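Visitor: Input: one structure, supplied below.
The values are calculated or read from the model by the stated rules, or taken from the named source; none is laboratory data. Model, not experiment: these values are computed from the prediction. Ideal geometry is used to build each Cβ from the backbone, glycine not excepted, and the neighbour counts take in all protein chains shown.
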Amino acid sequence: MTTGPSGRSNQTFKVKTLSGQDLELQHPDEQKFYNDAQKKYITENKFDVASDMRGLDRLIFLETLMHRWTLWLGSGRDYDGFLSPQQEEQVRKNIKETSPIISTIQNDLGLTKSQREKDQFESVGAYIQKLQVAAKAHGIRREKQLTRSLDLINELFSMTGTFLRSTEHERQKLGLESADDILKWIDEHMRAEYEEVDDYFRENDQKFWVGTL
């Protein structure tokens, strides 16, 4: 193992980014921090888009740098020894400039509390809107069924009245020779007309949202 001019080991500590690249860090603590952060992010969140994976790689690296700089400020030492006033000032500047970049990436990836609450609110709003659309479609179907039912009932009343008022010869001409003809009309025509509204609803309107609510 070789050492640098300051006596610090030249050994680096590799980590693997989500995009498959090797990244070299300066301390085993940084290596552990990076791997732990990466595992936590991919366990608690779902990233499918390649650009999101690259954004997460960048975020974890910047957070690792922040971890490094925070430790340096807290101890007054970097990995080579004590920080000079100039070095300490530079570390403070690095932290100040990097913090808003981290916040921006977190927000873009939906990792901040406000962004999660916004996404949840929009998700609930979209769900309610979908419910309203489904309820409206269901109401329209019921209205059509009711309208068609009233038409069919009036038609049945008319047919029954005609049957009762007609002579046997008149019934033959109308195709209503017996009460069985009326029952046949109810079973083959009236039922089919009523159910047609339901069938159309399921095959057209309902299929767009069924199973999603």
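Conditions (1) at pLDDT below 80; (2) not hydrophobic (A, V, I, L, M, F, W, C), marked per residue:
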{"residue": "143", "(1), (2)": "yes, yes"}
{"residue": "148", "(1), (2)": "yes, yes"}
{"residue": "158", "(1), (2)": "no, yes"}
{"residue": "161", "(1), (2)": "no, yes"}
{"residue": "164", "(1), (2)": "no, no"}
{"residue": "174", "(1), (2)": "yes, no"}
{"residue": "186", "(1), (2)": "no, no"}
{"residue": "195", "(1), (2)": "yes, yes"}
{"residue": "198", "(1), (2)": "yes, yes"}
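Visitor: Can you report the number of residues in region 13-58 which are modelled with pLDDT under 85 and surrounded by 13 or more Cβ atoms within 10 Å (Cβ to Cβ)?
Guide: Final tally of qualifying residues: 1.
Visitor: In addition: Output the number of residues of region 157-191 satisfying the condition of being in a loop (DSSP other than H, G, I, E, B) and β-branched (Val, Ile, Thr). Walk me through how you get there before you give the answer.
Guide: Step one: filter region 157-191 for residues in a loop (DSSP other than H, G, I, E, B), giving 166-167, 175-178.
In the following step, the residues that additionally are β-branched (Val, Ile, Thr) were identified as 167.
Here the count works out to 1.
Visitor: In addition: Going through 61, 82 one at a time, which residue ends up being of a type outside the set (Asp, Glu) and modelled with pLDDT of 95 or more?
Guide: Details: 82 fails: modelled with pLDDT of 95 or more.
Result of the check over 61, 82: 61.
Visitor: Can you pull out the residues in region 162-180 that are of a type in the set (Asp, Glu) and touching a helix residue (DSSP H, G or I) at 6+ places or on another chain (Cβ under 6 Å)?
Guide: Restricting attention to region 162-180, the residues satisfying the condition of being of a type in the set (Asp, Glu) are 168, 170, 177, 180.
Scanning region 162-180 gives a single hit, 177.
Visitor: Moving on. For region 166-183, which residues satisfy the criterion of being surrounded by 10 or more Cβ atoms within 10 Å (Cβ to Cβ) and without any contact (Cβ under 8 Å) to a residue 24 or more places away in the chain? Please lay out each step first, then the result.
Guide: Initially, region 166-183 is screened for residues surrounded by 10 or more Cβ atoms within 10 Å (Cβ to Cβ), giving 166, 170-174, 176-179, 181-183.
If the condition is that a residue be surrounded by 10 or more Cβ atoms within 10 Å (Cβ to Cβ) and without any contact (Cβ under 8 Å) to a residue 24 or more places away in the chain, then 166, 170, 171, 172, 173, 174, 176, 177, 178, 179, 181, 183 are the ones that fit.
Visitor: When both residues are 6+ apart or on different chains and their Cβ atoms are under 9 Å apart, which pairs have a first residue that lies in region 72-100 and is free of Cβ contacts under 8 Å to residues at least 12 places away in the same chain and polar (S, T, N, Q), and a second that is loosely packed, with under 13 Cβ neighbours inside 10 Å and assigned to a loop (DSSP other than H, G, I, E, B)?
Guide: Within 9 Å, no pair qualifies.
Visitor: A follow-up question, please. Quick one: in region 160-190, of everything that is aliphatic (A, V, I, L, M) and within 57 Å of the chain's Cα centre (by Cα), which residue is nearest to residue 148 (Cα to Cα)?
Guide: Within region 160-190, the first condition is being aliphatic (A, V, I, L, M), and the residues that meet it are 164, 174, 176, 179, 182-183, 186, 190.
Now drop any that are not within 57 Å of the chain's Cα centre (by Cα), which leaves 182-183, 186, 190.
Values: 182: 18, 183: 18, 186: 14, 190: 10 Å.
The qualifying residue nearest to residue 148 (Cα to Cα) is 190.
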